[in-house]
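Colleague: I'd like to ask you about the structure that follows.
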Amino acid sequence: MKKVSLFPLLLVSFAQFLTMLIWFNYSAILPLVKEEWGLTSGQSGVILSSFQFGYVISVFLFGYLSDRINPRYIFIFSALIAGTSGLLFGLIAKGFWSGLIFRIIAGIGLGGIYVPGLKFLSGLYAPETRGKTFGIYVGALVVGSGSSLLFAAPIISMYGWREVVIATSTAAYLAAIIMVLYKVNPKMPSTPPIMSYKLFKSLFANKKLVAMNLAYAGHMWELYAFWGWVGPFMVYTSIKHGFSFDEAQQIGNLWAGIFIVIGALGTWYGGELSDKIGRVKALKPLLLIGLFCSLIFGWISSIPFFLVIVIGIIYGITVVGDSPIYSVAISELSDENTLGLALGLQQVLGYSITIISPSVFGFTLSIIPDETLGWGIAFAILALGSLASLLVLPKNYPFISPVQKRLIKN
């Protein structure tokens, strides 16, 4: 494959960054919306999970279409859907049901961003560089997701929570404009797949592919509940350390945003490491550290604040560091003509889990009257995801990275 400059990767990653500002803009304002609308923790968790529900509805379809239609067009269309729904949430949402509907539609829109973007990049970059390439691309997702929490603090202090949603949603329109103006198109499959039972059977018959998808589902159980609830947890922790509610809202979201954004270092390192030592060998230490962090994080709200920050940074890096490795593995284990479909299937399996875990987290907080105990148990439940991922990865996984293959050949 002809060597391609980093420019397409950086441009598409930036466009994705802009759209992903929508993902956790609700988490950034959750304590304020919960108070204003009179929501329970369980209802707050349902709205949080509804976004993932919308994502799951669309991601498989958009993944399949990206094997048949230029993924750049899908990206543009989806960014417009997500941006418009986000704007409507900020302008007219009044309570549980309107918030729920707009978040579902926003999720449907973002379902057409990540997989078509991966498909776009897979058509431009050689397999032996995909660990690094996907690591950067996933890093943009991480930074975009977390940045809404970072932007929330100053915007809330100057204006209010609605302006947070409006500002972060408007960025999706800029992403659409970028992809309209950037007219480089990737190579499309010579024989686009036709949806059929045989096609699905071939994907599920691939045992390595199934194992990676199951591991990805465990990873997503942990990751998105952490991302969705770390903001409210840091607000709670800040209050326990003597800050007023308004101060805690700003400080908690600031540090939660940093925990998420700094995860981009993990995706870059995880992807790069997997190019060098193999996919599964790179996955295991990241999963183990993430598991340990999930077990302890909810119990540490009363320890010195700087230690909470240190542990939160480690958690933020490792909980997402394995994300690009799963996508790279799917891209290598799948046929080129069905890559979009395979990635879409992976996303459906993973994000179906994320519909459940944030809600389980919220309901755990609702049913346990002691807040400290509730946070501790809720985060500990997330460790089940990492544990499941470790268990489904075979001990002697017969997989060699492209870089290793090249070294062996030479």
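The values are calculated or read from the model by the stated rules, or taken from the named source; none is laboratory data. As the structure is a computational prediction, the values presented were derived from the model and not from experiment. No Cβ is skipped: glycine too gets one built from the backbone with ideal geometry, and neighbour counts run over all protein chains shown.
Colleague: Limited to region 345-382, what total is found for residues that are part of a helix (DSSP H, G or I) and charged (D, E, K, R)?
Modeller: 1
Colleague: Does region 68-85 contain any residue that is hydrophobic (A, V, I, L, M, F, W, C), in contact with a helix residue (DSSP H, G or I) (Cβ under 6 Å, 6 or more places away or on another chain) and over 22 Å from Val142 (Cα atoms)?
Modeller: There is no residue in region 68-85 that is hydrophobic (A, V, I, L, M, F, W, C), in contact with a helix residue (DSSP H, G or I) (Cβ under 6 Å, 6 or more places away or on another chain) and over 22 Å from Val142 (Cα atoms).
Colleague: On the basis of being at pLDDT 95 or above and farther than 25 Å from Leu286 by Cβ, does Gly385 make the cut?
Modeller: In short, no.
Colleague: Quick check: anything in region 282-301 under 22 Å from Thr129 (Cα atoms) and either among the β-branched types (Val, Ile, Thr) or not in a helix (DSSP H, G or I) (or both)?
Modeller: Within region 282-301, not a single residue is under 22 Å from Thr129 (Cα atoms) and either among the β-branched types (Val, Ile, Thr) or not in a helix (DSSP H, G or I) (or both).
Colleague: Quick check, is Ser85 free of Cβ contacts under 8 Å to residues at least 12 places away in the same chain, over 20 Å from Ser352 (Cβ atoms) and of a type in the set (Gly, Ala, Ser)?
Modeller: no
Colleague: Here's something else I'd like to know. What are the pairs, 6+ residues apart or on separate chains, where a residue within region 101-119 that is in contact (Cβ under 8 Å) with a residue 12 or more places away in the chain and surrounded by 24 or more Cβ atoms within 10 Å (Cβ to Cβ) has its Cβ under 8 Å from a residue that is among the acidic types (Asp, Glu) and outside any helix (DSSP H, G or I)?
Modeller: Lys119/Asp67
Colleague: Scan region 128-154 for residues that are of a type outside the set (A, V, I, L, M, F, W, C), over 18 Å from the mean Cα position of the chain (by Cα) and modelled with pLDDT of 80 or more and jot them down.
Modeller: Of everything in region 128-154, just one residue is of a type outside the set (A, V, I, L, M, F, W, C), over 18 Å from the mean Cα position of the chain (by Cα) and modelled with pLDDT of 80 or more, namely Pro154.
Colleague: Which numbered condition in (1) under 19 Å from Ile108 (Cβ atoms); (2) surrounded by fewer than 22 Cβ atoms within 10 Å (Cβ to Cβ); (3) under 17 Å from the mean Cα position of the chain (by Cα) is the only one that Phe14 fails?
Modeller: (1)
Colleague: Say we look at region 172-215 and pick out the residues that are within 30 Å of Ile353 (Cβ to Cβ) and not in a helix (DSSP H, G or I); which of these is modelled with the highest pLDDT?
Modeller: Asn206
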